[in-house]
Amino acid sequence: MKRALALAFTVLVGSLIPGHAFATNNDQDGASPGCDANDNRFERRAPNERLYNEILHRYRCQGLSLLLPIVRITSPLADAKLAPGQSRQGAGSTNGANFIVTLELVERDRNRFSVNEATEAPPVLGIRDVNRLLAGKRNLNVPGLFFFIDADLINPDGRVLPAYQNLASAFNIAGSDDTPGKGVTTWLGWHVLESLRPEVEKVTLTVAAIDNEGRIGLDRVTLDVDHSQTSGELLTPPPSSFHGVSAGSDDLGPEVSMIAPRVPTSIAIGPTDNSLTTTNGALFFIQVSALDRRHAGIAASVNGLREGVPPNPSIPVGLIFDPTQIPKGGPNRNFPGLDVSFDVDLRQPNGNIVHAGVNLAPLFDIAGNEVDDSGAIRTTADWVVGGALMLPEGKHSVTITSKVTDNDGHTGSTKSTFSVGDVVSGQALTPAP
């Protein structure tokens, strides 16, 4: 029976991911003790949950001796609360749950996840595929990724994504860095523009990632829904409330953390010649999180829409990408208190040079809000670096400084230094699907 289930899983998931080899490790020495094909403790019973059920069971039944990938949901935090969003079936809204899902996939050996890494840089608009999302189909840019929520989501156009449908095609961006040793870390980010139904009080997010050897890493968080605000967009004051005055970094500012990359990883810097394009740059992933611990307010429009400003037709709703600010040296108008800079120049694919120390926040892709366990609001922003870093001769590291200023003018900051890896483009760290 076990072998029959393993083979059934191979057929089911293998049909979704051509080229992946799935071992039947639950027949080998070291298989999970007590793995029973009839054990349904982790299963849910509904017509659209077959894939979810199969992946959960396969995860539990794979060999204990395998060096499994480590998979983490780094945002939202496990003790966070989410806003429900304002969309209703048949009546959508861009004021959705508006939180960010960020995933960390760590391989500890030479096996890899297949990923087309991408940032939001028109004409390349990340890895999201709306048509495949609506159909619950795999994301062709990350075919081993499966993401499930145990509640319906309602799109900004009022259409419903049913509970347990594979949401992998919703993710916006992907990037990677060179983990110490043989492994590689891949990161993915999604701004959840969708809403939950108004009666939902709790949701469970489940991610499963299957590498090119058929090994499964899995993580899950269960989060409360906070109905004190109808939308994640409304958890933070609008950008127009930001005064633009900072007294410098101090202990009164937001608590700022840079989650990705993780020290002591190495990063690619991208090609420094004319071969640089939107698809072969550094492509490492930055995640910055700011906790408004003093409740001063961190001004942000995390859905990328600002009052009185017409939407940019070339930039989809749900992105904070504000590239026209870069030549002006201005802030990201969707998140004006965010300031992220490198200690080296950045060359963009269009040839523009952004000098060391200049604010790169306008290039950030997505942002989202959640309610921290303390009751404070946490705003998180993600960016995959699409350009090339220009290091002076003899320099072999890059320092990234992240600052967030609140509406009282207090600034929190953090700084991390990363070594430069052996590969030129981040895409060289992960095989193309």
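The values are calculated or read from the model by the stated rules, or taken from the named source; none is laboratory data. This one's a predicted model, so the numbers in the text were calculated from it and none came from an experiment. With ideal geometry, Cβ positions are generated from the backbone for all residues, glycine too; neighbour counts draw on all protein chains shown.
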Please determine whether any residue of region 193-211 is aliphatic (A, V, I, L, M), over 24 Å from ILE259 (Cβ atoms), modelled with pLDDT of 95 or more and not assigned by TED's automatic domain parsing to the domain that holds PRO313. yes
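Mind checking which strands (runs of 3 or more DSSP E) fall wholly inside region 322-403 and carry at least 1 residues that are of a type in the set (D, E, K, R) and assigned by TED's automatic domain parsing to the domain that holds ARG293?
Qualifying strands (runs of 3 or more DSSP E): 338-342, 345-347, 366-371, 377-384.
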Using the structure shown, decide if LEU338 is at pLDDT 95 or above, surrounded by 22 or more Cβ atoms within 10 Å (Cβ to Cβ) and over 30 Å from VAL225 (Cα atoms). no
Just give me the residues in region 209-246 being over 21 Å from the mean Cα position of the chain (by Cα), over 30 Å from GLY63 (Cα atoms) and among the acidic types (Asp, Glu), in sequence order. ASP226
For ASP382, indicate whether it is acidic (Asp, Glu), surrounded by 18 or more Cβ atoms within 10 Å (Cβ to Cβ), under 19 Å from LEU283 (Cα atoms) and touching a residue at least 60 places away in the same chain (Cβ under 8 Å). yes
Qualifying residues in region 72-95 (those that are crowded, with 22+ Cβ neighbours inside 10 Å and of a type in the set (A, V, I, L, M)) - the one farthest from ASP211 (Cα to Cα): ALA83
Could you give every pair whose Cβ atoms fall below 7 Å, whose first residue belongs to region 318-339 and is touching a residue at least 12 places away in the same chain (Cβ under 8 Å) and more than 20 Å from ALA290 (Cα to Cα), and whose second residue is outside any loop (DSSP other than H, G, I, E, B) and of a type in the set (Val, Ile, Thr), counting only separations of at least 6 or pairs across chains? ILE326/VAL354
Among residues of region 171-207, those that are touching a His at 6+ places or on another chain (Cβ under 9 Å) and in contact (Cβ under 8 Å) with a residue 40 or more places away in the chain, counted: 2
Condition set modelled with pLDDT of 95 or more and touching a strand residue (DSSP E or B) at 6+ places or on another chain (Cβ under 7 Å), scope region 223-252, selection surrounded by the most Cβ atoms within 10 Å (Cβ to Cβ): answer is GLY232
When residues of region 119-150 are limited to those that are in a loop (DSSP other than H, G, I, E, B) and polar (S, T, N, Q), the one surrounded by the most Cβ atoms within 10 Å (Cβ to Cβ): THR119
Please find, within region 162-176, the residue that is surrounded by the fewest Cβ atoms within 10 Å (Cβ to Cβ) out of those that are farther than 18 Å from LEU82 by Cα and over 14 Å from the mean Cα position of the chain (by Cα). PRO162
Quick count over region 65-100, residues being within 18 Å of SER231 (Cα to Cα) and either modelled with pLDDT under 95 or basic (Lys, Arg) (or both), is 2
When region 349-372 is examined, which residues are found to be modelled with pLDDT under 95 and either crowded, with 17+ Cβ neighbours inside 10 Å or touching a strand residue (DSSP E or B) at 6+ places or on another chain (Cβ under 7 Å) (or both)? PRO349
May I ask you to verify whether ARG110 is closer than 27 Å to VAL184 by Cβ and of a type in the set (Lys, Arg)? yes
Quickly run through region 115-134 and pick out the residues that are closer than 14 Å to THR186 by Cβ and either over 16 Å from the mean Cα position of the chain (by Cα) or of a type in the set (Asp, Glu) (or both). GLU117
Residues of region 255-309 being in contact with a strand residue (DSSP E or B) (Cβ under 6 Å, 6 or more places away or on another chain), among the polar types (S, T, N, Q) and either free of Cβ contacts under 8 Å to residues at least 60 places away in the same chain or over 27 Å from ASN141 (Cβ atoms) (or both), which ones? SER257
